[in-house]
1. So with the 1.4 Å probe, I'd like the accessible area per residue for the chain, rounded to whole Å².
2. Sequence gap at least 6, Cα distance under 8 Å: using those rules, report the relative contact order of the chain to the nearest whole percent.
3. Could you work out how much longer the chain between His78 and Gln163 gets when fully extended? Use 0.36 nm per residue separation minus the Cα distance between them, nm to one decimal.
4. Given an 8 Å cut-off on Cα distances and at least 6 residues of separation, report the relative contact order of segment 99-176 as a percent.
5. If you stretched the chain out fully between Leu226 and Met18, how much longer would it get, using 0.36 nm times the residue separation minus the C-alpha to C-alpha distance?
6. Take Leu9, Leu47 and sort them by solvent-accessible surface of the protein heavy atoms, 1.4 Å probe, largest at the top.
7. Counting only DSSP beta bridges with both residues in the chain, tell me the antiparallel percent, nearest 5.
8. Specify which residue in the list Pro91, Pro106, Val124 is farthest towards the positive end of the charge dipole of segment 82-132, using unit charges on the beta carbon of Lys, Arg (+1) and Asp, Glu (-1), about the Cα centre.
Amino acid sequence: MNYMLIKKLPPIEEIIQMFPLSEAGYKKIMQDRKEISQILEGKDHRLLIVVGPCSAWPKEAVLQYAKKLATLNEEVKHVLKLVMRVYIQKPRTTKGWTGPVNQPDPFGFPDIETGIKYTRDMMVKVVEMGLPIADEALFTHNFKGFLELLSYVAIGARSAEDQEHRIFASSIDCPVGMKNPTHGSLAVSVNSIVAAQSAHVAVFDGYEVQTYGNPHAHLVLRGGNLAPNYSNAHLDEVKMHMKKHNIKNPAMMIDASHDNCLVNGKKDHRRQGKIIFDVLDNLESDAALKKLVKGFMIESFMKEGNQIVDQALPHNIDLDGLSITDPCLSWEQTKELLISLAKKMEKMRERTL
């Protein structure tokens, strides 16, 4: 094999014991998974909002953000189901920093043992604040110690066509959002939902197993091929493919970032709010599509924008909540957006009564 051994990792059970979650925390996760599933089934009419940093680093700023989001959640939870992004794994188009679980110090050498402890501790602390959390399943082989903490799992644009990730989505008892691939094909996007909702025979932990299929696997539209895909025409095409394949609990989320917020080929994170309100306004004219769109994804952190990690200048890095990956909305912008969104949902509810 073409690799060298670095060190043997401790059993994940030891790390779980080092950073345990309370019984109340586990019960809250089960309740959050149930509520998110009911939103996807159309039984709960709140909007599902997955919001938070592009990448969950550094820990102190992530926890500060979580405290603010937990407080805001009390104001909006009657119309919005907030789930915090705690993304510890980062896919790269070519190469680069793959997240704090692999490299908790972006200026140091990758250290997975330290990264597992760093991120497990961070996730447990956010859950104990009462917030449901989401992460992207990039490395499916080391999910133990993390999956049980999640109320929502995302399969990224570069992974959704991969058979291993589709089988993984089929095997877990948690709502899974499958992003459309970077090339943007909506037919291929729905194929990933078909696969995730189907049963598969695979090998897990040395056992031959059969997965049950995940009835809460759904599509996340994030734009593709450097263009947005949240128009009613795009949603209509998705609806057609879902009907053709008899998708269970047909549902989709709109990612307001990534290719959906590109302007002249560059991400404009400030457009996220406009995209959300434009989608909601457009859906008012199509009741069938309105039933399919269950919520939105938003990238935000403590400070607006992002920063470049310069390996030669580690002392210049801002540790107070400025993204080191994609640009984000600031906390103030996020709070204003979520309160405005809650007010809009309240008005929409009043009109339907």
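1. 46
2. It rounds to 17 percent for the chain.
3. Difference between extended and current length: 26.8 nm.
4. It rounds to 21 percent for segment 99-176.
5. So the extension gain works out to 70.5 nm.
6. Ranked from most to least accessible, the order is Leu9, Leu47.
7. For the chain, the DSSP antiparallel bridge percentage is about 20.
8. Farthest towards the positive end: Pro91.
The values are calculated or read from the model by the stated rules, or taken from the named source; none is laboratory data. Computed from a predicted structure; not experimentally measured. Heads up, the Cβs are rebuilt from the backbone with ideal geometry, glycines too, and the neighbour counts pull from every protein chain shown. Just the protein is used for accessible areas: all its heavy atoms, side chains included, with ligands, DNA and RNA removed. Shrake-Rupley method; radii C 1.70, N 1.55, O 1.52, S 1.80 Å.
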